[in-house]
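First up is the structure itself, then whatever we jot down about it.
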Amino acid sequence: MENLAKFSFSAVGSLFSDKLLDVFHGGSSPENLRILSMSDKTQLVCPHCSAVNRIPTSRLGDKPRCGKCKKPLFTGHPVELTDQNFAKVIQKSGVPVIVDFWAEWCGPCKMMAPAFAEASALLEPQFILAKLNTEVAQQTAAQFGIRSIPSILMFKNGQEVARQAGALNTQQIVQWARSH
């Protein structure tokens with residue numbers, strides 16, 4: 001047991017000293033300071049209780065659970081957004097969020113819904129897919145100038161980075177997501 005403890009401490013110490021050397025040689029750039037602070041964590045908003053969770057980035061694929069409600073952070077299904085939770089999910093999520101702006105009366109929206117759900121299962125944990133009903137969340141839809149539905153918007157770090165109007169199939173959604 002003593003040898004194992006020495007090995008673990010030695011390995012961690014070596015990794016840490018290598019990072020310190022990187023900082024020493026690379027200066028105090030934001031990247032080097034980020035490495036030094038060991039903040040390789042990604043924030044995720046729980047789709048069940050809206051708590052913000054910090055998950056080690058390397059463990060996103062390990063089916064992480066919410067620290068508050070203990071439910072899965074990735075469900076394989078789109079997250080339901082409202083005017084009330086939209087900003088929190090978009091701004092606090094450390095992975096890109098793809099939002100389907102849709103309406104209950106929209107035929108193409110209904111046709112795309114199963115494909116969007118399937119794409120959600122395929123794209124997690126690299127992306128979070130979410131849905132916003134434009135009839136219920138009119139304020140958010142207006143804020144983003146949604147004129148055609150279905151429309152999907154991609155957000156990274158709280159900012160819109162891509163937009164696509166019109167119904168897409170699963171393969172097209174996945175390809176669109178990965179191309180941005």
**OP:** Using Cα centres only, tell me the gap between segment 43-68 and segment 155-180 in whole Å.
**Re:** 22 Å
Original post:
Dipole of segment 75-179, Cα-centred, from +1 at each Lys and Arg C-beta and -1 at each Asp and Glu C-beta, to the nearest 20 debye?
Top reply: 260 debye
**OP:** Please tell me which of these pairs span more than 19 angstrom C-alpha to C-alpha: LYS63/LYS156; LYS92/LYS131; LYS63/LYS110; LYS71/LYS110; LYS68/LYS92; LYS88/LYS110?
**Re:** LYS63/LYS156; LYS63/LYS110; LYS71/LYS110; LYS88/LYS110
Original post:
Among VAL79, GLN171, ASN157, whose Cα lies farthest out toward the positive end of the dipole of segment 75-179, if unit charges sit on the beta carbon of Lys, Arg (+1) and Asp, Glu (-1)?
Top reply: ASN157
Subject >> About the Cα centre, charge dipole magnitude for segment 82-135 (Lys/Arg +1, Asp/Glu -1 at Cβ), debye >> reply: 160 debye
Original post:
Taking the simple approach of a point 7 Å from Cα along Cα-to-Cβ for both ARG54 and LEU122, what is their distance in nm?
Top reply: 3.5 nm
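Any read-out appearing in this document is the output of simple, stated calculations on the displayed coordinates, not a laboratory observation. Treat the numbers as computed from the prediction; the structure is a model and nothing was measured. Cβ sites come from the backbone with ideal geometry, for glycine too, and all protein chains shown count toward neighbours.
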